[in-house]
Amino acid sequence: MKRGEPTAVVLRILEIAESTYYDRKKRTSTPKAEPSPAGKRGRPTPGYSLSITGIPISDEQIKEWLLELLEGEEHVYGYKLLGQCIRDVHQVIINKKKTYRLCKELGILQKARKHVPSHPRTLPKNRFITGSNQLWQMDIKYGYVIGQKRFFFVLSIIDVFDRVIVGQYRGRTCEAKHAVQTLLYAIECRIQPGETLPVIRTDNGPQFVSKLFGDTCESLGMAHERIPPRTPNMNAYIESFHSILERNLFSRREFMTFEEAFETLDQYMDFYNYRRMHGSLKRMAPMKFSSWVKTLKDTTKFHKSM
């Protein structure tokens, strides 16, 4: 071909397809793209942003504006609010990802603030339980409505001594306010005025570490224990109840609507508390065992007073 021979003739003699030849020629003749800075892969950064009128604004100019902002009252802002200032003051179209990158290049990113909980965790203690309303355990389980392809929440509180579910909430969402409402309802139903409040033990779910739940326990003078991560055995009684709920109800029924799921759950809870025999409660239902223990204690006190 260098001597002027037709390319097609040479390729035919060498038995090389023309498409292969031209493809290789194209790839070898195209200059290689320069590697992106710091060996980064992906699309190279354009080096500018557009104003709302379509005028390119260089990254260097945006960096100058960022530094000017830090010299003024805006020095307290993080990268997101600095980016908002650039958009508001200079009418530049810039998103938070680019603002973060430019601030990082300038070394002006603020250090992440450490979260200081309003109510530090109190670890559980080994307790010798001798009666009802001394220790309650609280946790959340999920059910599924196959007809809606949605989950629902079941928040339950169990009395460790008599296994009564003293409070329960079920709904499509479960927030801190629902946990507080369920706890207050259980206290109203189970605790007489002047009686000592039980200790409430939970895991570290967002509902239980929330400020609202902590403030509620503090205002009531109620001790709140939170188990360490990955130690469900320290909340064994409520975990056991949820296993029973899964085995005897959720794994045996398919719910088409939320209303059907909630109605079925309410029926089962009536059975569990009042009629389901429990092996560790002398084969009595939780409510029956609770009443039996209370009667036994009252009788003992009567004989002692005699």
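The values are calculated or read from the model by the stated rules, or taken from the named source; none is laboratory data. This one's a predicted model, so the numbers in the text were calculated from it and none came from an experiment. Here Cβ is always computed from backbone atoms with ideal geometry, including for glycine, and neighbour counts include all displayed protein chains. Protein only, heavy atoms only, side chains kept; ligands, DNA and RNA dropped before computing areas. Shrake-Rupley method; radii C 1.70, N 1.55, O 1.52, S 1.80 Å.
Looking only at the stretch 276-289, which residues are in contact with a Leu (Cβ under 9 Å, 6 or more places away or on another chain) and touching a residue at least 40 places away in the same chain (Cβ under 8 Å)? Selection gives 289 alone.
Scan the stretch 223-241 for residues that are out of contact with any Asp or Glu (no Cβ under 8 Å at 6 or more places or on another chain) and open to solvent by less than 10 Å² (accessible area, probe 1.4 Å) and the total you get is 2.
The numbered conditions (1) touching a strand residue (DSSP E or B) at 6+ places or on another chain (Cβ under 7 Å); (2) within 19 Å of residue 242 (Cβ to Cβ); (3) aromatic (Phe, Trp, Tyr) are all true for residue 161 except (1). The requirement of being part of a helix (DSSP H, G or I), out of contact with any strand residue (DSSP E or B) (no Cβ under 9 Å at 6 or more places or on another chain) and modelled with pLDDT under 85 is fulfilled somewhere in the stretch 75-86, by at least one residue. Taking the stretch 87-114 as the range and being modelled with pLDDT under 90 and outside any helix (DSSP H, G or I) as the test, the residues that pass are 107, 108, 109, 110, 111, 112, 113, 114.
Take the residues in the stretch 141-151 that are closer than 22 Å to residue 207 by Cα and out of contact with any helix residue (DSSP H, G or I) (no Cβ under 7 Å at 6 or more places or on another chain); name whichever of them is least open to solvent (accessible area, probe 1.4 Å). It would help to see each step written out before you state the result.
First pass over the stretch 141-151, keeping only residues closer than 22 Å to residue 207 by Cα: 141-144, 150-151.
Cutting the leftovers down to out of contact with any helix residue (DSSP H, G or I) (no Cβ under 7 Å at 6 or more places or on another chain) gives us 142, 144, 150-151.
On the way: 142: 126, 144: 97, 150: 113, 151: 120 Å².
By that ranking, first place goes to 144.
Against the numbered list (1) in a loop (DSSP other than H, G, I, E, B); (2) hydroxyl-bearing (Ser, Thr, Tyr); (3) in contact with a strand residue (DSSP E or B) (Cβ under 7 Å, 6 or more places away or on another chain), residue 130 comes up short only at (3). Can you find a residue in the stretch 114-127 that is touching a Gly at 6+ places or on another chain (Cβ under 6 Å), under 30 Å from residue 225 (Cβ atoms) and either surrounded by 15 or more Cβ atoms within 10 Å (Cβ to Cβ) or in contact (Cβ under 8 Å) with a residue 12 or more places away in the chain (or both)? Yes, the conditions are met somewhere in the stretch 114-127. Note on the stretch 197-211: residues that are at pLDDT below 95 and over 19 Å from residue 170 (Cβ atoms) total 4. Of the residues in the stretch 169-180, at least one is closer than 19 Å to residue 263 by Cα, hydroxyl-bearing (Ser, Thr, Tyr), part of a strand (DSSP E or B) and touching a Leu at 6+ places or on another chain (Cβ under 8 Å). All of 154, 164 fail the test of being at pLDDT 95 or above, within 23 Å of residue 209 (Cβ to Cβ) and surrounded by 20 or more Cβ atoms within 10 Å (Cβ to Cβ), apart from 154. Selection of the stretch 1-16 for residues being modelled with pLDDT of 70 or more, surrounded by 10 or more Cβ atoms within 10 Å (Cβ to Cβ) and part of a loop (DSSP other than H, G, I, E, B) yields only 16.
Counting only residues that are touching a residue at least 60 places away in the same chain (Cβ under 8 Å), part of a helix (DSSP H, G or I) and either open to solvent by less than 20 Å² (accessible area, probe 1.4 Å) or not polar (S, T, N, Q) (or both), the stretch 181-218 holds 7 of them.
A Cβ distance below 6 Å, combined with a sequence gap of six or more or placement on separate chains, defines the contacts here; from the stretch 253-275, residues that are without any contact (Cβ under 8 Å) to a residue 24 or more places away in the chain reach residues that are hydrophobic (A, V, I, L, M, F, W, C) and open to solvent by less than 70 Å² (accessible area, probe 1.4 Å) in the pairs 268/249; 274/285; 274/287; 275/285.
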